[in-house]
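S.K.: What follows is a single structure, and I will ask about it in a moment.
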Amino acid sequence: MSLKKIIQSFPFGPTPKKKKKKKKKKKRPIRILSIDGGGIRGIVPAMILHQIEQITGQPTCELFDFIAGTSAGGMVALLLVKPDKDGTPEYTAQEVAEIFAHRGSEIFSSTVWDQIRSVRTLREKKYPSTGIEKILKDHLGETYLSESLTDILITSYAIKRRNACFFKSRNAVASSDFNIKMRHIARATSAAPTYFEPAQVDIPNLDDPFVLIDGGIVANNPAMCAYVEARSLYPKADDFIVVSIGTGELLQGYDYDDAKRWGLAGWVGPMIDFLFHGSQVTVDYQLQQLLPPNESIGQRYYRFQFPIENGMWGLDDTRPTNIQRLKEIVTEQILKDEERTILELCKKLKR
């Protein structure tokens, strides 16, 4: 061996230590909330969210980075992100539940003459829009979508333009052309066909107003819409947690002998139920596949849903006995059966 090689191989001084690479701090997952449509049954997700607010000690708009809602779920979502004069949430989830419980009969309110007309002709909507519009004005006032405390998406469907219509707070912030009053958006997303007349919403810089109906036509379960929008909003996000809250599903089946006799009139009711339920379970399946549990987070997709009992399917059933039964379902079934899951979820949301 040459002298040069001996010198090069000799350990002069301490061996330099390799610099340890700093571990990158893992980003917090983006937290998404989705609330189904369901008429008066909107009281159920409001009560579940109340429990989550109680456990975490934080308002819903702080626990989630993005919120989506359809129909009654859209109303719940808008109420939860509405700021008061100090810039804090005006309503807790419990207060939203109380609005549905105490003022639901005003939303679905009709005179004797309205009831007679709706029975005598299939061309008459079931309820005048005055009741729901008054309640929305009382609780959402003149607040605009751009003032939302959290990024939000509300669904609807434009029947004249034949397009899905998504009201997005980020668009409202970016341009006044998309900045609509919250109460008008709530009216549009909850304009259920046969229950209420369509909503007309004036869009800035457009002479022709949008004619809009219930967002359930587009996505009664808007969880996939929420997930796709959040992916667009947070393209560099490491991970996502999706919390999807349903308002009940009717599991009544139909026999072949009954269905084969149905004509056009016989198919109308079941077909609407099939379409709504079909879209809900499809979205549920898709998100289960897209967001399976992983090592870093564990469960990433949460779906809270319950079967609707016979006699409880009406979107407009505001009888005190039905309201009480809905409350019992939340406290005696959902919160009890899902207690461990909700506690686990709250830790992730708060963290």
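The values are calculated or read from the model by the stated rules, or taken from the named source; none is laboratory data. Everything quoted here is computed from the prediction, not taken from an experiment. Every residue, glycine among them, receives a Cβ derived from its backbone with ideal geometry; neighbour counts consider all protein chains shown. SASA here: full protein model, heavy atoms, side chains in, ligands and nucleic acids out. Shrake-Rupley method; radii C 1.70, N 1.55, O 1.52, S 1.80 Å.
S.K.: When the distances between all Cα atoms of segment 52-102 are binned every 5 Å from zero, what whole-number percent does each bin get?
M.R.: Over segment 52-102, the share of Cα pairs per 5 Å bin runs 5, 20, 30, 29, 15, 2 percent.
S.K.: Something else about it: For segment 197-267, just the Cα set please: Rg and Dmax, both in angstrom.
M.R.: So, for segment 197-267, Rg and Dmax equal 19.7, 55 Å respectively.
S.K.: Using the Cα centre as the reference, give the magnitude of the dipole from point charges on the C-beta atoms of segment 129-206 (Lys, Arg: +1; Asp, Glu: -1; all else neutral), rounded to the nearest 20 debye.
M.R.: Here the size comes out at about 240 debye.
S.K.: Any chance you could give the angle, 0 to 90 degrees and rounded to 10, that helix 43-56 forms with the longest Cα principal axis of the chain?
M.R.: Relative to the chain, helix 43-56 is tipped by roughly 30 degrees.
S.K.: Starting from the residue with the highest accessible area, list 65, 255 in decreasing order, probe 1.4 Å.
M.R.: My answer, sorted largest first, is 255, 65.
S.K.: May I pose another question? Which of these, 78, 315, 145, has the largest mean-square fluctuation under a Gaussian network model of the chain (Cα springs below 10 Å)?
M.R.: Most flexible of the set in this elastic network: 315.
S.K.: Restrict the search to segment 222-317; then list the trypsin sites (Lys or Arg not before Pro) that DSSP places in a loop and that have at most 11 other Cβ atoms within 10 Å of their Cβ.
M.R.: Here the trypsin sites (Lys or Arg not before Pro) that fit, given the DSSP loop and packing criteria, are 236, 260, 261.
S.K.: Against the longest alpha carbon principal axis of the chain, how many degrees, from 0 to 90 and to the nearest 10, is the axis of helix 264-290 turned?
M.R.: Taking Cα atoms only, the helix is inclined about 10 degrees.
S.K.: Between helix 72-81 and the chain, what is the angle of the helix's C-alpha long axis to the longest principal axis, kept within 0 to 90° and rounded to the nearest 10?
M.R.: Roughly 50 degrees between the two axes.
S.K.: As an exercise, identify the trypsin sites (Lys or Arg not before Pro) in segment 22-72 lying in DSSP coil whose Cβ has no more than 13 other Cβ atoms within 10 Å.
M.R.: Those that pass, being in a loop and sparsely packed, are 22, 23, 24, 25, 26, 27.
S.K.: Give, rounded to the nearest 20 debye, the magnitude of the charge dipole that the chain has about its Cα centre when Lys and Arg contribute +1 at Cβ and Asp and Glu contribute -1 at Cβ.
M.R.: Value, rounded to 20: 2880 debye.
S.K.: Between residue 343 and residue 260, what is 0.36 nm times their sequence separation minus the Cα-Cα distance? Round to one decimal in nm.
M.R.: 25.2 nm
S.K.: Which label belongs to the value computed from this structure, given these candidates for volume of the Cα convex hull per residue in Å³: (i) 236; (ii) 148; (iii) 160?
M.R.: Comparing each candidate, only (i) matches the computed number.
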